[in-house]
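The values are calculated or read from the model by the stated rules, or taken from the named source; none is laboratory data. Given the structure is predicted, the values throughout are model-derived calculations rather than measurements. Heads up, the Cβs are rebuilt from the backbone with ideal geometry, glycines too, and the neighbour counts pull from every protein chain shown.
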């Protein structure tokens, strides 16, 4: 823009200069609007409190404020609930009972290897009720790399900052003759030893919720930067053992004490190991030589590095907070379960055989949830992490006969399906997994298609005898959620088929997997155009209600699970009678009222309530089976409907507030849906190379790929500083070319092509 001003008098020069300056500022603003600045310091936009306003009957995330490193072995969290309660931290509570080292992936799965510490003004306040303190969110700072809270009843300010296997604390005390720290090693077996000459407390906890061998231990060490002047060990909170400096029992608690003056800062550093006390001290080296501020600075830098792999530009500060809070949740699980030995090699305690083994291991994830979007996100943006995860899965295959379906830390009985096949297949097909592990993983997956874990029936394939002969699991043979299992096994078989082709397996083997991948057709009822339970004699179950949750389905109904044919959407469309009928059925999910039948459970499970309050008919975004279905409009030639619903879900059902999710967050899956949707595409069939196009959410995004290239996503007339603009895609190009249809390919993204979108209302 060029502005020419002709002035007839010297007096007008001042006005001319003002006008030029204002015009220049306007030009800059216009340019800034067209090319908005990228967000810097993304970790400061993360709220770790998102999703914490939850309880058993209603989930807005079921999260806790994890003070942690990306994929770190140990997390820390303040605890508002009773010790052992899966709902460790609830935003609507005002009492903190301790600061807990946690490995909890979900309140439903609960925790393992946990212990807690609590700074107190009176070291005799040992019981979790007597040591508890009121607090306010107004005196609380919650970031991934740093947590601070004022404990009002003790007049103590507590601060935490993490490393992967250790943490540093600073406690600012009042003046007191009896200040101290309570160390609670929890029940089910624990041991604590006080070493006053080293100002150290060491111990172990065996606390767990399952999935561990009998020799499971989490060894911990704590070291104070102030002399321990006194201590008492307790065998249970009400049973002090005088003069003891070492104690083993059911629930061992230590109270260490010292004098403090007002404003005195006492530092504590902690580390732990699942291998040994010696290894715990080795892990302690992560913080030993660093000040609290140095640990904090390093943690912040690491989070900014990892979050910064996806940059956003434009949009509102609220949208920035939601995006990076979701990305943070996508980078916590699965967590590292390996440690570094004296020779600098990765080693791990195996929860599968109870031995210390070489190599990597990750845990704390449920593949039923995370195969959908979380692992595709890792493969796209963080493949170096998933490479270690896949090497860890190969180690699991060597340490027992089964791959986990829900691991925490070992096999846990939860959910259905054999979705390790999807996770393994995607990583191999996209070149993530080292080739030397391919056959090991393939053999283990195949084994799981014909076996069931002897103690954990959700590992392997429950009902494989029926599935492999009839082509479905009958409704009337005592195996619950038969349709859900059949649908997921069919997709899993398609994944195995892709691996078998990659490995050059015999034709007969390929034919078997290809045939079984069509088994979804055996539970499709053309009368209702819905999936439906089928009896052993071939008849469909009676009576049938598409609104009945459970029964033939897992945490959903026929309206939700009918779309779980990720690998054959075209086939599902044909079965329904074509594009128009398919579209009408998709539309119906949002149109039918949010009525339900909870007779299978005998009460209204929280997922039902979350569907109802969303005001989207029977669409249940708060649970995973339905999360991909919006994108199926692309196959029907109705992409604008996909774009409409993607925008509505993102705008209405997500935020960075404490009630920011519309159901369980579930180990990064619900967050990864948002991250992918913000980029403008989604992996409907994860083990394929295909992504369905939705709508980009920000005017600019940059995805820094591990291969050194950058995927740029630019959108005109989309969300701006003043709010949302265009909902629909007018046109888009990939590397300057118009793609064929409403789909992207993995290679399109990995080549670092620019995605250019023009939006309209």
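Listed here are the helices (runs of 4 or more DSSP H) enclosed by the range 525-606 that have at least 2 residues being under 23 Å from residue 462 (Cα atoms) and at pLDDT 95 or above: 558-561. Among the helices (runs of 4 or more DSSP H) confined to the range 289-397, the ones with at least 2 residues that are more than 30 Å from residue 492 (Cα to Cα) are located at 292-307, 317-330. The number of residues in the range 200-218 being over 26 Å from the mean Cα position of the chain (by Cα) and buried (at least 18 other Cβ atoms within 10 Å of the Cβ) comes to 5. Taking the conditions (1) farther than 30 Å from residue 268 by Cβ; (2) modelled with pLDDT under 95 in turn, residue 40 satisfies each one other than (2). The set of residues in the range 463-490 that are within 14 Å of residue 521 (Cα to Cα) and without any contact (Cβ under 8 Å) to a residue 24 or more places away in the chain contains only 473. Filtering the range 578-589 to residues that are buried (at least 17 other Cβ atoms within 10 Å of the Cβ) and out of contact with any strand residue (DSSP E or B) (no Cβ under 9 Å at 6 or more places or on another chain) leaves 582, 583, 586, 589. Kindly provide the set of residues from the range 153-197 that are part of a loop (DSSP other than H, G, I, E, B) and surrounded by fewer than 22 Cβ atoms within 10 Å (Cβ to Cβ), ordered by number. Scanning the range 153-197 gives 153, 155, 164, 174, 175, 187, 188, 189. For the range 607-621, indicate whether the set of residues that are under 19 Å from residue 739 (Cβ atoms), more than 23 Å from the chain's Cα centre (by Cα) and surrounded by fewer than 23 Cβ atoms within 10 Å (Cβ to Cβ) is non-empty. No, because not a single residue in the range 607-621 is under 19 Å from residue 739 (Cβ atoms), more than 23 Å from the chain's Cα centre (by Cα) and surrounded by fewer than 23 Cβ atoms within 10 Å (Cβ to Cβ).
Screening 273, 255 for residues that are touching a helix residue (DSSP H, G or I) at 6+ places or on another chain (Cβ under 6 Å) and buried (at least 20 other Cβ atoms within 10 Å of the Cβ) leaves exactly one candidate, 273. Residue-level check: of (1) under 18 Å from residue 254 (Cα atoms); (2) assigned to a loop (DSSP other than H, G, I, E, B), residue 119 misses just (2). Residues that are outside any loop (DSSP other than H, G, I, E, B) and either in contact with a helix residue (DSSP H, G or I) (Cβ under 6 Å, 6 or more places away or on another chain) or within 19 Å of residue 126 (Cα to Cα) (or both) within the range 78-108 comprise 78, 79, 95, 96, 98, 99, 100, 101, listed in sequence order. Is the range 611-631 home to any residue that is closer than 30 Å to residue 760 by Cα, in a loop (DSSP other than H, G, I, E, B) and touching a strand residue (DSSP E or B) at 6+ places or on another chain (Cβ under 8 Å)? So far as the range 611-631 goes, yes, one or more of its residues are closer than 30 Å to residue 760 by Cα, in a loop (DSSP other than H, G, I, E, B) and touching a strand residue (DSSP E or B) at 6+ places or on another chain (Cβ under 8 Å). Just one residue in the set 104, 114, 148 is more than 24 Å from residue 239 (Cβ to Cβ) and within 20 Å of the chain's Cα centre (by Cα); that residue is 104.
Sort through 670, 710 and tell me the only one that's closer than 19 Å to residue 431 by Cα and either buried (at least 24 other Cβ atoms within 10 Å of the Cβ) or at pLDDT 95 or above (or both). None of the others qualify; the one that does is 710. When 350, 330 are screened for being under 19 Å from residue 387 (Cβ atoms) and either more than 23 Å from the chain's Cα centre (by Cα) or surrounded by 17 or more Cβ atoms within 10 Å (Cβ to Cβ) (or both), only 330 passes.
Just one residue in the set 732, 757, 676, 743 is surrounded by 16 or more Cβ atoms within 10 Å (Cβ to Cβ) and under 25 Å from the mean Cα position of the chain (by Cα); that residue is 676.
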